[in-house]
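**Q** The structure under discussion is supplied below as structure tokens; questions concerning it will follow.
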Amino acid sequence: DAAQQPGRLQVYQQGSDAAHQRQVNLVRDLRHAAQNGELLLYYQPKLDIRAGRVTAAEALLRWVHPQYGMVSPGEFIPLAERTGSIQILTTWVIEEAVRQLHEWNQRGLRLQVSLNISADDLVNRGLAEQVGQLLARHGVAAEQLVFEITESAMMQDPQLALEVLHSLRACGIHLSVDDFGTGYSSLAQLKRMPVQELKIDQSFIRDLDEHSEDAVIVRSTIEMSHSLGLKVVAEGVEYSYILDLLRRWNCDTAQGYLINKPLPPAQFESWVRQPLS
Ligand code: C2E
Ligand code: CA
Ligand code: CA
Ligand code: CA
């Protein structure tokens, strides 16, 4: 084993040291990423399946680190969440998205934009007021903003999280349950959350076939959501036969590489202005 092979052990330790050093550096640099202008928002289209039109997008954070280059949010968001710097990132994301919405509105491109919100944001009593002021300042309608919330983000303080969600709703912001079907899903909690949309996690969608268990789950989730008055988004749609199934099953919205990947704002804008082929 590795302990008896000094060469391999050394390589292993060097590898883990480098990985550890990278984490330490990322945590240190995260706090200044926004003010250093290293953050970007990319936009991934959401297709209205019945209308055959893109009317919305999800904003996804990108970090161009001076040393490591493009760092994936799958790596730095969990670090930010664990080290107390997620709220700095969320504040930047909301401001940037509202600024972008204003710019697009002015150029006659009216879209709804979804943002991802973390557990720490849901215990921030000032969130709704902060966002409300920002929307007013830029003259952007609250209905153009959607906050995506995972059920696990509700767990830190479920009571306070519900209060924050209700204050966001009172402001006119739309709410969506992200990654539905993973983690701490509970229908009782879903019923209490003042949400308008549910996103079925991509793990159910990616390898969907008509006769699988995933198909049963997806179809019943769509039916249940509609009974509760919620719109349904399927994420991770990579193939046209999956879009065909979703259309047949009356799913409202599709998001995934089939439609397009997340794009920088200018590229997204020119793409979305072209008619879909
Ligand atoms: P998410 O919210 O579930 O976002 C969807 C992720 O799936 C994105 O990864 C997107 O690029 C990817 N994706 C979209 N379509 C497909 C597809 O067809 N196939 C496959 N395989 N993947 C697809 P991304 O951009 O790397 O983001 C990863 C996660 O990081 C997000 O998952 C979200 O949890 C988190 N994240 C991203 N931006 C933010 C942010 O601004 N704030 C917070 N709190 N979290 C964020
Ligand atoms: Ca999301
Ligand atoms: Ca998701
Ligand atoms: Ca996810």
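Yes/no matrix, rows are residues, columns are (1) modelled with pLDDT of 95 or more; (2) among the β-branched types (V, I, T):
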| position | (1), (2) |
| --- | --- |
| D179 | no, no |
| L190 | no, no |
| Q196 | yes, no |
| A234 | yes, no |
| I242 | yes, yes |
| D252 | yes, no |
| Q255 | yes, no |
| I259 | yes, yes |
| V272 | yes, yes |
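**Q** Count, please, the residues in the stretch 72-107 that happen to be more than 15 Å from L41 (Cβ to Cβ) and within 16 Å of ligand 3 (Cβ to nearest atom).
**A** Summing the residues that are more than 15 Å from L41 (Cβ to Cβ) and within 16 Å of ligand 3 (Cβ to nearest atom) in the stretch 72-107 gives 3.
**Q** Let me ask something else about it. May I ask you to list the residues in the stretch 68-86 that are buried (at least 16 other Cβ atoms within 10 Å of the Cβ) and of a type in the set (S, T, N, Q)?
**A** Of everything in the stretch 68-86, just one residue is buried (at least 16 other Cβ atoms within 10 Å of the Cβ) and of a type in the set (S, T, N, Q), namely S85.
**Q** Output the number of the condition that T182 fails; it satisfies all remaining conditions of (1) open to solvent by less than 10 Å² (accessible area, probe 1.4 Å); (2) of a type in the set (V, I, T); (3) within 24 Å of Q255 (Cα to Cα).
**A** (1)
**Q** Same structure again: Pick from E75, E148, E81: which is charged (D, E, K, R), within 12 Å of ligand 1 (Cβ to nearest atom) and free of Cβ contacts under 8 Å to residues at least 40 places away in the same chain? So that I can check it myself, show each step before the final result.
**A** Values: E75 fails: free of Cβ contacts under 8 Å to residues at least 40 places away in the same chain; E148 fails: free of Cβ contacts under 8 Å to residues at least 40 places away in the same chain.
None of the other options fit; the residue is E81.
**Q** Now a separate question. Condition first: under 23 Å from I200 (Cα atoms), more than 15 Å from ligand 4 (Cβ to nearest atom) and in contact with a His (Cβ under 9 Å, 6 or more places away or on another chain). Can you find one or more residues in the stretch 57-78 that meet it?
**A** No, the stretch 57-78 contains no residue that is under 23 Å from I200 (Cα atoms), more than 15 Å from ligand 4 (Cβ to nearest atom) and in contact with a His (Cβ under 9 Å, 6 or more places away or on another chain).
**Q** If you don't mind, another one. Looking at the stretch 205-221, which of the residues that are aliphatic (A, V, I, L, M) and open to solvent by 50 Å² or more (accessible area, probe 1.4 Å) is farthest from ligand 4 (Cβ to nearest atom)? Don't jump to the end; show me each part of the working.
**A** Restricting attention to the stretch 205-221, the residues satisfying the condition of being aliphatic (A, V, I, L, M) are 205, 208, 215-218.
Still in the running and open to solvent by 50 Å² or more (accessible area, probe 1.4 Å): 216-217.
On the way: V216: 22, I217: 17 Å.
In this case the residue turns out to be V216.
**Q** For S167, indicate whether it is in contact (Cβ under 8 Å) with a residue 40 or more places away in the chain, buried (at least 19 other Cβ atoms within 10 Å of the Cβ) and hydroxyl-bearing (S, T, Y). Lay out the reasoning, then the answer.
**A** Numbers: in contact (Cβ under 8 Å) with a residue 40 or more places away in the chain: yes; buried (at least 19 other Cβ atoms within 10 Å of the Cβ): no; hydroxyl-bearing (S, T, Y): yes.
The answer is no for S167.
**Q** Another one. Quick one: what pairs do we get from the stretch 96-120, first residue under 17 Å from Q130 (Cβ atoms), second part of a helix (DSSP H, G or I) and among the hydroxyl-bearing types (S, T, Y), C-beta under 7 Å, 6+ apart or different chains?
**A** I117/T90; S118/T90
**Q** Condition first: open to solvent by 60 Å² or more (accessible area, probe 1.4 Å) and either more than 26 Å from V233 (Cα to Cα) or not aliphatic (A, V, I, L, M) (or both). Now tell me which residues in the stretch 38-67 satisfy that.
**A** Looking only at the stretch 38-67, we keep the residues that are open to solvent by 60 Å² or more (accessible area, probe 1.4 Å), and these are 40, 50, 53, 64, 66-67.
R50, R53, V64, P66, Q67, listed by residue number.
**Q** Regarding Q202, is this residue in contact with a Lys or Arg (Cβ under 7 Å, 6 or more places away or on another chain) and surrounded by 12 or more Cβ atoms within 10 Å (Cβ to Cβ)?
**A** Values: in contact with a Lys or Arg (Cβ under 7 Å, 6 or more places away or on another chain): no; surrounded by 12 or more Cβ atoms within 10 Å (Cβ to Cβ): yes.
No; evaluated as a whole, the condition is false for this residue.
**Q** Would you point out which residue out of A128, A161 is more than 16 Å from ligand 3 (Cβ to nearest atom) and in contact with a Ser or Thr (Cβ under 6 Å, 6 or more places away or on another chain)? Steps first, answer last, please.
**A** Working: A161 fails: in contact with a Ser or Thr (Cβ under 6 Å, 6 or more places away or on another chain).
After ruling out the rest, the residue left standing is A128.
The values are calculated or read from the model by the stated rules, or taken from the named source; none is laboratory data. Remember, it's a predicted structure, so these values are computed and weren't measured experimentally. Heads up, the Cβs are rebuilt from the backbone with ideal geometry, glycines too, and the neighbour counts pull from every protein chain shown. The accessibility values were calculated without ligands, DNA or RNA, using every heavy atom of the protein model including side chains. Shrake-Rupley method; radii C 1.70, N 1.55, O 1.52, S 1.80 Å.
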